[in-house]
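Q: First, the structure itself, so that you have it in front of you.
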Amino acid sequence: QVQLVESGGGLVQAGGSLRLSCAAAGRTFTSYIMAWFRQAPGKEREIVARISKSGGSMYYTDSVKGRFTISRDNAKNTVYLQMNSLKAEDTAVYYCAADQRSVVVGRGYAYWGQGTPVTVSS
């Protein structure tokens, strides 16, 4: 098992930046692909970005391409989401997720953090 704890959320003005962190405790961090999801009020949880076990491959949903960057520090057991040029529509609770499989469909990740709220004021 792995325990995930997110941090770094908060209130920011449109156009600003935030960096989210997700610290993992438990089994070998490099055994997990990592992802960030978000859920806005009244909407389904959606994937924002995903990073491979080695950190060599990343995926971004179209709405955040060019603005968000996912990265991982395997020595620190931490995955990050750098969010730049934030928009009001980025307001959501952001969740970190992990899975030992190399491919996960949709929201089928085995492990989830508790979420950290991000509010972007316009």
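The values are calculated or read from the model by the stated rules, or taken from the named source; none is laboratory data. If you're wondering where the values come from, they're calculated on a predicted model, not measured in any experiment. Quick reminder, even Gly has a Cβ in these numbers, built from the backbone with ideal geometry, and neighbours come from all protein chains shown. Only protein heavy atoms, including side chains, enter the accessible area calculation; ligands, DNA and RNA are left aside. Shrake-Rupley method; radii C 1.70, N 1.55, O 1.52, S 1.80 Å.
Q: Output the residues belonging to the range 11-45 that are charged (D, E, K, R) and closer than 23 Å to Q1 by Cα.
A: Within the range 11-45, the first condition is being charged (D, E, K, R), and the residues that meet it are 19, 27, 38, 43-45.
Correct list: R27, R38, R45.
Q: Here's something else I'd like to know. Among the residues of the range 6-22, are any open to solvent by 50 Å² or more (accessible area, probe 1.4 Å), under 16 Å from A97 (Cβ atoms), of a type in the set (S, T, Y) and in contact with a Ser or Thr (Cβ under 8 Å, 6 or more places away or on another chain)? Show your work before the answer.
A: Quick first cut of the range 6-22, residues open to solvent by 50 Å² or more (accessible area, probe 1.4 Å) only: 7, 11, 13-15, 17, 19.
Restricting the remaining residues to those that are under 16 Å from A97 (Cβ atoms) gives 7.
Filter once more, so that each one left must be of a type in the set (S, T, Y): 7.
The next check asks that each one be in contact with a Ser or Thr (Cβ under 8 Å, 6 or more places away or on another chain); those that pass are 7.
Yes, the range 6-22 contains at least one residue that is open to solvent by 50 Å² or more (accessible area, probe 1.4 Å), under 16 Å from A97 (Cβ atoms), of a type in the set (S, T, Y) and in contact with a Ser or Thr (Cβ under 8 Å, 6 or more places away or on another chain).
Q: Applying the selection to the range 64-122, what residues are within 22 Å of G15 (Cα to Cα) and basic (K, R)?
A: Residues satisfying the conditions are K65, R67, K87.
Q: Continuing with this model, one more query. Does D73 satisfy being acidic (D, E) and open to solvent by less than 70 Å² (accessible area, probe 1.4 Å)? Give the steps one after another, and end with the answer.
A: Working: acidic (D, E): yes; open to solvent by less than 70 Å² (accessible area, probe 1.4 Å): yes.
It is true that D73 is acidic (D, E) and open to solvent by less than 70 Å² (accessible area, probe 1.4 Å).
Q: List the number of the failed condition for V93; all other conditions in (1) open to solvent by less than 10 Å² (accessible area, probe 1.4 Å); (2) aliphatic (A, V, I, L, M); (3) within 18 Å of S7 (Cβ to Cβ) hold.
A: (1)
Q: Something else: Given the options R27, R107, name the one that is exposed (fewer than 14 other Cβ atoms within 10 Å of the Cβ) and among the basic types (K, R). Quick ask: steps written out before the conclusion?
A: Values: R107 fails: exposed (fewer than 14 other Cβ atoms within 10 Å of the Cβ).
From the options R27, R107, the qualifying one is R27.
Q: So A75 fits all but one of (1) within 19 Å of E6 (Cα to Cα); (2) within 15 Å of the chain's Cα centre (by Cα); what number is the exception?
A: Going through the list (1) within 19 Å of E6 (Cα to Cα); (2) within 15 Å of the chain's Cα centre (by Cα), A75 breaks only (2).
Q: I need every pair where a residue in the range 61-76 that is at pLDDT 95 or above has its Cβ under 7 Å from the Cβ of a residue that is open to solvent by 50 Å² or more (accessible area, probe 1.4 Å) and assigned to a loop (DSSP other than H, G, I, E, B), sequence separation at least 6 or different chains.
A: As it stands, the answer is R67/N84; R67/S85, since those pairs meet every condition given.
Q: Condition first: open to solvent by less than 40 Å² (accessible area, probe 1.4 Å), within 11 Å of V79 (Cβ to Cβ) and touching a strand residue (DSSP E or B) at 6+ places or on another chain (Cβ under 9 Å). Can you find one or more residues in the range 55-63 that meet it?
A: Of the residues in the range 55-63, the ones open to solvent by less than 40 Å² (accessible area, probe 1.4 Å) are 55, 61.
Keeping just the survivors that are within 11 Å of V79 (Cβ to Cβ) gives 55.
Pick out the ones that are also touching a strand residue (DSSP E or B) at 6+ places or on another chain (Cβ under 9 Å) and you get 55.
Yes, the range 55-63 has at least one match.
Q: Filter the strands (runs of 3 or more DSSP E) completely within the range 1-54 down to those with at least 3 residues that are on the phi < 0 side of the Ramachandran plot and within 14 Å of the chain's Cα centre (by Cα).
A: The qualifying strands (runs of 3 or more DSSP E) are 2-7, 18-26, 33-39, 46-51.
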